[in-house]
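> Can you keep this structure in mind? I'll have questions shortly.
The values are calculated or read from the model by the stated rules, or taken from the named source; none is laboratory data. The shown structure was predicted, so the numbers you read here are calculated from the model rather than taken from an experiment. Please note: Cβ atoms are built from the backbone with ideal geometry, for glycine as well, and neighbour counts cover all protein chains shown.
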Amino acid sequence: MTGKKVFIVIPAYNEAKAISKVLDDLKKNGYRNIIVVDDCSSDDTAIVARHHKAIVLKHIINRGQGAALKTGTDAGLNLGAEFIVHFDADGQMRVVDIKKLLTPLIAKKADVVLGSRFLGQKAKNMPFSKKISLQLGRIVVFALYGLWLSDSQSGFRVINRKAAQNIKITADRMEHAGEILGEIKKKKLRLVEVAVTILYTDYSIQKGQSWSRGPALGLKMLLRRLLK
Amino acid sequence: MLQVYQIIVFIFALFALSRAILRAKESKITRGELYFWSLLWLGVLVLTFLPSFSDILADYAGIGRGADLLVYASVLLLFYLMFRLYVKIDKTEQEITKLVQKVAYENVKKKK
């Protein structure tokens with residue numbers, strides 16, 4: 001990928017079934033630096049990832065996606081990454097979209113690029129309940145962090161080295177998405193949203209966040225905001 | 001005339017006090033915490049056996065009944081203690097995460 005050091009960070013928890021294809025896709029598209037953070041899976045996630053020659057970091061206790069992202073991002077920084085991609089192990093993100101997210105960063109027009117499910121193409125097969133909860137999420141994020149985004153809960157992001165060094169993730173579990181946005185605002189990082197297509201398969205819907213956990217998530221984000 | 005609730009509260013307060021003192025002896029809680037819990041339970045004992053005392057306090061605070069004052073004060077105290085617990089757990093969780101991350105890095109380094 002244009003000689004720049006791009007690191008793909010994939011937090012994975014019991015994704016042995018899906019991660020193989022994701023890693024294959026990444027390799028086919030020329031991404032060689034892949035860091036898989038195995039968040040104490042009980043299946044063969046780590047073995048599969050190692051088999052695909054990814055760098056595998058293992059959490060000996062399950063710490064959540066936020067913590068896994070931090071582990072992977074810090075490792076990427078240590079290995080000299082210029083750009084770090086946060087990617088999912090379950091196959092719902094498309095590898096071809098990474099290039100689109102990288103473009104504004106390489107052109108030095110942004111420090112953080114978020115993949116949005118609501119710009120341009122419609123999210124394929126997105127469950128209705130998910131649409132509603134994501135709309136509510138936008139309002140909560142705006143109220144808490146003052147950022148009006150088309151998609152506030154996107155886990156698909158590419159950040160440059162400066163952003164990776166500046167964004168401090170302290171939220172272990174799902175609240176990290178909000179926390180990262182707060183950090184972007186606080187550290188005055190330049191943010192751009194780019195349309196991505198997320199493939200909602202039965203597998204990813206079943207593994208994904210249930211909308212019913214939304215209120216608890218909002219409350220946690222509020223508490224964090226108040227206590228900081 | 002002693003009421004049943006007074007006996008129950010008396011026994012429970014003594015039990016709680018003894019626990020606090022024991023924990024302090026084992027240095028599991030600090031001196032400050034021992035004072036806090038001792039004062040709290042002694043206060044409970046005083047109010048149990050001199051209920052009229054709580055009415056005086058309530059009158060002073062501008063609340064109608066002593067029993068109401070007790071409930072308000074208890075709720076406030078509980079909220080405060082819960083807040084402290086929340087902060088403490090959050091900190092502990094972050095420390096565990098740091099440790100887990102460190103172990104993850106060390107293991108990768110060893111393999112190289």
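> Identify all residues within segment B:66-86 that are at pLDDT 85 or above and surrounded by 11 or more Cβ atoms within 10 Å (Cβ to Cβ); write none if there are none.
Filtering segment B:66-86 down to residues at pLDDT 85 or above leaves B:68-86.
Answer for segment B:66-86, where residues must be at pLDDT 85 or above and surrounded by 11 or more Cβ atoms within 10 Å (Cβ to Cβ): B:Asp68, B:Leu69, B:Leu70, B:Val71, B:Tyr72, B:Ala73, B:Ser74, B:Leu77, B:Phe83, B:Tyr86.
> Residues of segment B:26-49 being loosely packed, with under 14 Cβ neighbours inside 10 Å and part of a helix (DSSP H, G or I), which ones? Walk me through it before giving the result.
First, the residues of segment B:26-49 that are loosely packed, with under 14 Cβ neighbours inside 10 Å: B:26-28, B:30-33, B:35-36, B:39, B:42, B:46, B:49.
Listed by number, the residues that qualify are B:Arg31, B:Gly32, B:Glu33, B:Tyr35, B:Phe36, B:Leu39, B:Leu42, B:Val46, B:Phe49.
> Given the conditions (1) outside any helix (DSSP H, G or I); (2) in contact with a His (Cβ under 6 Å, 6 or more places away or on another chain); (3) away from chain B (no Cβ under 11 Å), which single one is not true for A:Leu23?
Of the numbered conditions (1) outside any helix (DSSP H, G or I); (2) in contact with a His (Cβ under 6 Å, 6 or more places away or on another chain); (3) away from chain B (no Cβ under 11 Å), the odd one out for A:Leu23 is (1).
> Can you name the residue in segment A:44-91 that is within 12 Å of chain B (Cβ to nearest Cβ), of a type in the set (Val, Ile, Thr) and part of a helix (DSSP H, G or I) and, of all such residues, is surrounded by the most Cβ atoms within 10 Å (Cβ to Cβ)?
If we take residues in segment A:44-91 being within 12 Å of chain B (Cβ to nearest Cβ), of a type in the set (Val, Ile, Thr) and part of a helix (DSSP H, G or I), then A:Thr71 is surrounded by the most Cβ atoms within 10 Å (Cβ to Cβ).
> Okay, moving on. Quick check: is even one residue across segment A:120-129 of a type outside the set (S, T, N, Q), in contact (Cβ under 8 Å) with a residue 40 or more places away in the chain and either assigned to a helix (DSSP H, G or I) or in contact with a Pro (Cβ under 8 Å, 6 or more places away or on another chain) (or both)?
Step one: filter segment A:120-129 for residues of a type outside the set (S, T, N, Q), giving A:120, A:122-124, A:126-128.
Remaining after also requiring in contact (Cβ under 8 Å) with a residue 40 or more places away in the chain: A:120, A:123-124, A:126-127.
Those left that are additionally either assigned to a helix (DSSP H, G or I) or in contact with a Pro (Cβ under 8 Å, 6 or more places away or on another chain) (or both): none.
Within segment A:120-129, not a single residue is of a type outside the set (S, T, N, Q), in contact (Cβ under 8 Å) with a residue 40 or more places away in the chain and either assigned to a helix (DSSP H, G or I) or in contact with a Pro (Cβ under 8 Å, 6 or more places away or on another chain) (or both).
Residues are listed down the side, and each one gets a yes or a no for (1) away from every other protein chain (no Cβ under 14 Å); (2) surrounded by 13 or more Cβ atoms within 10 Å (Cβ to Cβ); (3) within 30 Å of A:Ile169 (Cα to Cα):
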residue: B:Ala24; (1), (2), (3): yes, yes, no
residue: B:Pro51; (1), (2), (3): yes, yes, no
residue: B:Ser54; (1), (2), (3): yes, yes, no
residue: B:Gly64; (1), (2), (3): yes, no, no
residue: B:Ile89; (1), (2), (3): no, no, yes
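> So, one more: Do we have A:Gly30 as small (Gly, Ala, Ser), crowded, with 17+ Cβ neighbours inside 10 Å and modelled with pLDDT under 95 here? Step through it out loud before you land on a result.
Working: small (Gly, Ala, Ser): yes; crowded, with 17+ Cβ neighbours inside 10 Å: no; modelled with pLDDT under 95: yes.
So A:Gly30 does not fit the description; no.
> Another one. Of (1) exposed (fewer than 15 other Cβ atoms within 10 Å of the Cβ); (2) over 20 Å from the mean Cα position of the chain (by Cα), B:Ala104 satisfies all except one. Which?
Every condition holds for B:Ala104 apart from (1).
> Taking segment A:171-198 only, how many residues are acidic (Asp, Glu) and closer than 16 Å to A:Val140 by Cα?
Here is the first cut: in segment A:171-198, the ones acidic (Asp, Glu) are A:172, A:175, A:179, A:183, A:193.
With the extra rule that they be closer than 16 Å to A:Val140 by Cα, the set shrinks to A:175, A:179, A:183.
Summing the residues that are acidic (Asp, Glu) and closer than 16 Å to A:Val140 by Cα in segment A:171-198 gives 3.
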